[in-house]
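The structure appears right after this line, and notes come after that.
We did not get these values from a lab; they are worked out from the coordinates using the rules stated. In this text, all values refer to a predicted model and were calculated from it rather than measured experimentally. So basically every Cβ, Gly included, is an ideal-geometry build from the backbone, and we count neighbours across all protein chains shown.
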Amino acid sequence: MPLSLDELNSHLFKCADIIRDAIDPTDYKEYILPLVYYKTISDEFENQYQDNIDEYGKQIARDPDLYDVPVVPEGHTWDDICAITDNVDKALNEAFEALIKKNPELEGAFRVDFVNANGLNDDRLTELMDHLNKYDFDRTSIPPDLLGDAFRDLIHHFAEEEGKRGGQFYTPPEISKLSIALLNDFEDGDEFHDPTVGSAGMLVDAARYYREEQDKDPSELRLTGQEINLDIAAIARLNLSIHDLNDEIARGDSLLDPQFTQNGELERFDYVVSNFPFSMDWPKDELRNDQYERFNWSDKLPRADRGDYAFIMHIAKHLKRPNLDGTGGKAAIIIPHGVLFRKHEMAYRKYMLEHDLVEAIIGLPEKLFPNTAIPSAILVLNTDKPTEKEGEVQFIHAADPDFYEERKSQNKLTEDGIDRIVSLVQDNATRYSISKTAQIEEIRENDYNLNITFYVDGVDFREGQALNRGLSKLDEVSYDGQLNLKANSTFDAILGRVIQKLDNTVLVLGNYEGAHKAELVRVKRALEERGYEAHLFEDLPDFPGQDLSGSVATAMRLVGFCVMVDRQASGHIDEYRLAEKQRTILARLVSNEGGSTRMIGGSEHVDVNYIKTFEFGLYPQEVLDEAVDWADQMQEKREQVYSDLYEWRD
C-alpha cells in the first residue's frame with residue numbers, strides 16, 4: 001500500500017530525532033534535507049538506469065540526455081554509500097562533490113560538509129541513512145507531488161525546531177497560498193520573483209497554483225528568487241528541484257546587491273511575492289545614492305533599524321510598468337501592521353497611494369507564523385489597476401475567527417477562509433465588519449493612515465477590550481493575591497494563553513489628577529490611532545483579593561508594554577520599581593524640565609529590565625513614535641528570550 005503524507009512525514013521527522021543532541025537544532029536542515037534530496041534522485045536514477053539498460057544497452061545507458069533527473073556518478077549511488085561503514089562522512093562529501101561535477105547545474109545547491117560535523121560520527125550517520133533507506137523515494141514508489149509536500153512539511157518542521165529564527169526562511173503554506181491566489185490568473189511565459197525567497201515555498205506554491213487551479217504546465221513559468229543566507233539559498237534550490245521545477249535562485253543581499261538586473265536597471269517582473277524579514281536593519285548609508293533609484297519615495301530614507309519600506313520600495317521597482325513594458329505588474333507582500341500606520345513612515349504611504357499602487361490590504365490573524373504571536377497583513381500592489389479599482393483601496397479584516405482555526409502553538413487559515421478572502425478581493429465586495437473599499441480622498445483625510453480599523457465598519461480593536469477580557473478570565477481562577485503572584489498551574493496556563501492575545505495592548509501610566517489626566521488621555525488616543533489597544537489603569541477591573549499595588553502589578557504583567565508620562569520628581573517611583581522587578585517593557589516619557597529621573601538613578605539596568613527614557617519638550621506625543629518603535633522591538637526580544645524559559649509563554 002502506498003505511503004500516505006502523514007506516514008511519510010512521520011518517517012522524515014524521525015531523522016531529526018536520530019541526530020538530536022549530536023548537532024544544534026538550527027543545523028538539522030543543513031544535513032537532512034540534502035540527504036533526502038540525494039536519496040530521491042538516486043532512487044529515481046537507478047530506476048531509469050535499469051530501463052535504459054533494457055532499451056539501449058549498458059554502453060549508452062548513462063547518457064545524460066536519457067534522464068530527466070541529475071545523473072548519479074558510478075560508485076556514488078545511495079546504495080553504494082549505504083554499503084560504507086568507515087569514514088561515512090568522507091564518503092558523503094565525496095558523493096556530493098561527484099554529483100555536482102557530473103551535473104554542473106547543481107553548483108551551489110549544496111553547502112553541506114559532513115566531515116566538519118563533529119557530532120555526526122559513523123554510527124550516527126549510518127543509523128540516519130539506514131532509517132531513510134526504509135522506503136524507496138523513486139517516482140513509482142512515491143508520487144512527486146506527495147514527496148514535494150513532505151519536503152515542504154519537513155522544512156516547516158525544522159522551522160519549528162529552530163524557534164523564532166525559523167520563521168525567517170519559512171512561510172506557512174496557507175499564507176503563501178493566499179498570497180498567490182490574490183494575484184491574477186497567470187499565463188505561459190509569466191515571470192515571478194521573490195527577493196527574500198527563503199526556502200522558495202512561495203515560488204513552489206505559484207507553480208502548484210498554475211498546475212492545479214489553472215490546469216497549466218508550471219515549466220512555462222519563470223521562477224526567480226534571491227536569498228541572503230547561502231545555506232537557505234541552497235535549500236531553496238533543493239525545494240524547487242524536488243518539485244521538478246527549474247530555478248533561478250541567486251545568492252546575496254537583495255537590497256545591497258540585487259542580482260536580477262538588466263542593462264543597468266532592475267529586472268521587472270509580472271509578479272513579485274515576498275515575506276521579507278520584519279523591521280530588520282538595512283544598509284541605509286550604503287544605499288543613499290542607489291544606482292537603481294529605488295528609495296526615492298521621500299526626501300528621507302527609511303530608518304536604518306526599520307527596513308520594511310526599503311523592501312517595499314525595492315519590490316515596487318521590480319514590477320513591470322505599462323509605460324515601459326506594455327503591461328503592469330502585481331505584488332503580494334507580507335508585512336507587519338506597523339507599516340500601515342507608523343507616523344514617521346507617512347511619506348512612503350502617501351507616495352504609494354498618490355501613485356495609485358495599493359490595490360488591497362488584508363489584515364491576518366495572530367500566531368500564523370512559527371513561534372511568534374505577532375499579527376501580519378498582506379499588502380497588494382498593482383502598477384496597472386483595473387479601471388473600476390482606480391483611486392481606491394480595499395481593506396479586509398480577516399482576523400475574525402471565521403477565517404482561521406485556533407490552535408495551541410500556531411493558528412491556521414482555513415481553506416474556506418482563504419476562499420472567502422480571495423472572493424472578497426475579486427468581487428471588490430463590501431461586507432459589514434469584514435471588508436470595505438475606501439476612496440483616496442477618505443485616506444487623505446486620515447493623513448494616509450492605512451489602519452484597517454479606520455475603514456472597515458464595525459471593526460474597532462479599542463472596543464475589543466482584549467485586556468479586560470483577559471482580566472475577567474483570570475478573575476475566575478483563585479490565587480493568593482500576593483504581589484509576586486505565586487500562581488497555581490491553572491492560573492499559569494490561562495495566563496499563557498492570555499499573554500499571546502495581548503501584544504497589542506498598552507497601559508498608560510502617570511498622574512491621574514486634573515490636567516495631567518487629560519494629558520494621559522491624549523497619549524492614550526495617540527496610541528489608539530497607531531493601532532494599539534490602549535488603557536488607563538482606571539479603565540480596568542479590580543482583581544479580587546488584591547490591593548491597588550497588586551492590581552497594578554498584574555496589569556503591568558499582562559500588557560504588551562507600558563508608557564509612563566513622568567513629569568514629577570517623585571511621583572512614579574513605585575511603578576518604575578514594579579516594572580524593574582517584573583521585567584516589564586516600560587517607555588518613560590520624561591519632560592526635559594524634570595521628572596523622577598534623578599531619584600530613579602542611571603540606566604545601568606536598561607538592558608535587563610527593558611526600561612528606556614525618552615525626553616520631550618512640551619508634549620509627550622513628540623517622542624511617542626520613537627518610544628513605541630523601541631517598545632515593539634523589545635517585545636520581540638522578550639518573546640524570543642522568554643519562550644524557551646516559561647511554558648506558558650509558548
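Put in line by how crowded their Cβ is, counting other Cβ atoms within 10 Å and starting with the fewest, THR224, THR26 read THR26, THR224.
Taking 0.36 nm per intervening residue step and subtracting the Cα-Cα distance, what contour gain separates SER4 from GLU406 on full extension?
Working: separation 402, 0.36 × 402 = 144.72 nm, distance 2.53 nm.
Roughly 142.2 nm would be gained on extension.
With each label modelled as a point 7 angstrom along the Cα→C-beta vector, the THR26-ARG577 pair spans 3.9 nm.
Given 0.36 nm per residue, what is the gain on full extension from ASP257 to ALA98 after removing their alpha carbon distance, in nm?
On the way: separation 159, 0.36 × 159 = 57.24 nm, distance 3.09 nm.
Extra length from ASP257 to ALA98 when fully extended: 54.2 nm.
Under the convention that each Lys and Arg Cβ holds +1 and each Asp and Glu Cβ holds -1, the size of the dipole of the range 155-459 around its Cα centre is about 920 debye. Counting only C-alpha contacts under 8 Å and six or more residues apart, can you give the relative contact order of the range 22-136 as a whole percent? Result for the range 22-136 is 30 percent. From the alpha carbon centroid of the range 319-386 to that of the range 618-633 is 24 Å.
In terms of other Cβ atoms within 10 Å, THR387, THR505, THR140, THR613 run from fewest to most in the order THR387, THR140, THR613, THR505.
Beyond 21 Å between alpha-carbons counts as too far, so tell me which of LYS39/LYS102; LYS320/LYS343; LYS216/LYS412; LYS350/LYS385; LYS581/LYS612 fall in that bin. The partial results should precede the final answer.
Working: LYS39/LYS102 16 Å; LYS320/LYS343 29 Å; LYS216/LYS412 28 Å; LYS350/LYS385 17 Å; LYS581/LYS612 15 Å.
Among LYS39/LYS102; LYS320/LYS343; LYS216/LYS412; LYS350/LYS385; LYS581/LYS612, the Cα-Cα distance tops 21 Å for LYS320/LYS343; LYS216/LYS412.
Could you give me D for the range 5-142, from Stokes-Einstein at 25 °C and 0.890 mPa s, where the hydrodynamic radius is the Kirkwood radius over C-alpha pairs? Units µm² s⁻¹, please. Please report the intermediate quantities before stating the final value.
On the way: Rh = 15.8 Å.
Result for D is 156 µm²/s.
Set the Förster distance to 22 Å, then compute FRET efficiency between ASN246 and GLN50 from the Cβ-Cβ distance, nearest 0.05.
On the way: r = 26 Å, r/R0 = 1.19.
So, using R0 = 22 Å, E works out to roughly 0.25.
Take each of the peptides 92-99, 121-128, 257-264, 374-381, average the number of other beta-carbon atoms within 10 Å over its residues, and list them starting from the highest.
Details: 92-99: 19.1, 121-128: 16.0, 257-264: 12.5, 374-381: 21.8.
Order by mean packing, descending: 374-381, 92-99, 121-128, 257-264.
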